[in-house]
Amino acid sequence: MTSNSTRKNIVSRAKRVVIKLGSYVLTTPSFKLDRKVFSDVIKSIAEARKKNIESVLVSSGAIASALGTLGLNERPKLLSQEQAAAAIGQISLMGLYSRLLGKFNINAAQILLTHSDLRNRQRFLNARHTLNSVLEYGAVPIINENDTTVVEEIRFGDNDYLSSLVTNLVQADLLIILTDIDGFYDKDPRKYDDAKFISLIEDIDSSIEKLALGTKSKIARGGMATKIKAAITAAHFGVPTIIANGKTKGNLSKILQGDDIGTLILPKQNKLTSRKHWIAFTLKPQGRITVDNGAKTAMLEKAKSLLPSGISAVAGDFDPGEPVSCCDEDGVEFARGLSAYSAEDIEKIKGANTSEIKKVLGYDRHPEIINRDNMVILRKP
Ligand code: GLU
């Protein structure tokens, strides 16, 4: 199949699309909301709706637009000031979305999330139901991180990551990341004249992520590295990603018609279920379990649960039920899962047989440390 027919195929099947708009796309160089971009995006969304494509926006730009309003030329240094700027900018951002969508008789719905809203499975599912209801009402959900209340521990960090989690949350079939460059290059095109544009990435992995490192931006939290990471996360949910220039008029419309714009990143063949994807990508590992080679092979090749006998070390401070990374003896992470035991208890039973758990701990709630149903294999050797 040619790259072009792959695109047409993917886009023609997409019924629910997550569109992430970056701060640079939405603002002018003097940090004013860029009305031309907003109008173009909203027009494309309204057109897509006629073809029964639902759009879910993940929009940055709150802090950037507040810089213009407040006459600042860089992000404030103090967290409280940055949070205040987000509160000021968010309202202008939503005002503009609401006015422009209103011209097409479409309602805008503001959804502000923190990581703690999604790390509890019940709350994650509640958020999914709410978003589905917003879409059933025919409104366009516009999601941003709740920057005003967020602190480090409950932060997503950047909206690229948030957009990739939203693909699972709303069970989307395409992620479009609109940024201020044309897509993915093998080197930073702003620094290297010989940088080569890549229009199709068939098998995304950490080698691509390495190429994207070092492209951080000044006003937004992300750079190309966070976009590639987001694409990897979406790919594990079976969702393709298109990274493209959101400043170029008509790009979003063309993408939604299946035109060859930006970089298309194909999804993984083995799609994770929503719950397993949530374990692996929405949750943040609270510790690390080192697994010996025998147990690693059993997990990778026979999809076995992790028993205490296969554990050689444990690091971190976690309680039962919390997410952990599983690393091999070389420190390479190959799986994630929910641990049935705390780090403190694993320290006492590591290397032991399952039958010894009760003798050592005085209880043996579970025969395994990580049951296979709570385990996600991230990479096979
Ligand atoms: N949530 C931030 C804002 O609206 C942007 C985060 C990011 O740049 O990824 O300003």
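The values are calculated or read from the model by the stated rules, or taken from the named source; none is laboratory data. Here the structure is a predicted model, which is why all the values come from computation and not from measurement. Backbone-built Cβ (ideal geometry, glycine too); neighbour counts: all protein chains shown. Each accessible area value is taken on the protein alone, full model and side chains, heavy atoms only, with ligands, DNA and RNA left out. Shrake-Rupley method; radii C 1.70, N 1.55, O 1.52, S 1.80 Å.
Rundown of residues vs (1) hydrophobic (A, V, I, L, M, F, W, C); (2) under 28 Å from Phe281 (Cα atoms), yes/no style:
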| site | (1), (2) |
| --- | --- |
| Ala66 | yes, no |
| Gln83 | no, yes |
| Ser92 | no, no |
| Asn105 | no, no |
| Asp117 | no, yes |
| Thr148 | no, yes |
| Val151 | yes, yes |
- Within the stretch 131-158, restricting attention to residues that are modelled with pLDDT under 95 and part of a helix (DSSP H, G or I), which residue is farthest from the ligand (Cβ to nearest atom)? Glu153
- Scanning for something part of a helix (DSSP H, G or I), more than 16 Å from the ligand (Cβ to nearest atom) and either in contact (Cβ under 8 Å) with a residue 40 or more places away in the chain or of a type in the set (Asp, Glu) (or both), does the stretch 100-110 turn up at least one residue? yes
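Yes/no per residue for (1) modelled with pLDDT under 85; (2) surrounded by 15 or more Cβ atoms within 10 Å (Cβ to Cβ); (3) farther than 23 Å from Ser23 by Cβ:
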| site | (1), (2), (3) |
| --- | --- |
| Ala172 | no, yes, no |
| Ile177 | no, yes, no |
| Tyr185 | no, yes, no |
| Ile198 | no, yes, yes |
| Glu202 | no, no, yes |
| Ile208 | yes, yes, yes |
- Task: Inspect the stretch 231-238 for any residue being touching a Lys or Arg at 6+ places or on another chain (Cβ under 8 Å) and part of a loop (DSSP other than H, G, I, E, B) and give the result as yes or no.
- Result: yes
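If you check Asn144 against the conditions, is it open to solvent by less than 50 Å² (accessible area, probe 1.4 Å) and within 17 Å of the chain's Cα centre (by Cα)?
Values: open to solvent by less than 50 Å² (accessible area, probe 1.4 Å): yes; within 17 Å of the chain's Cα centre (by Cα): yes.
Answer is yes for this residue.
Conditions tested, residue by residue: (1) more than 15 Å from the ligand (Cβ to nearest atom); (2) open to solvent by 10 Å² or more (accessible area, probe 1.4 Å).
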| position | (1), (2) |
| --- | --- |
| Ile45 | yes, no |
| Glu54 | yes, yes |
| Leu67 | no, no |
| Gln81 | no, yes |
| His129 | yes, yes |
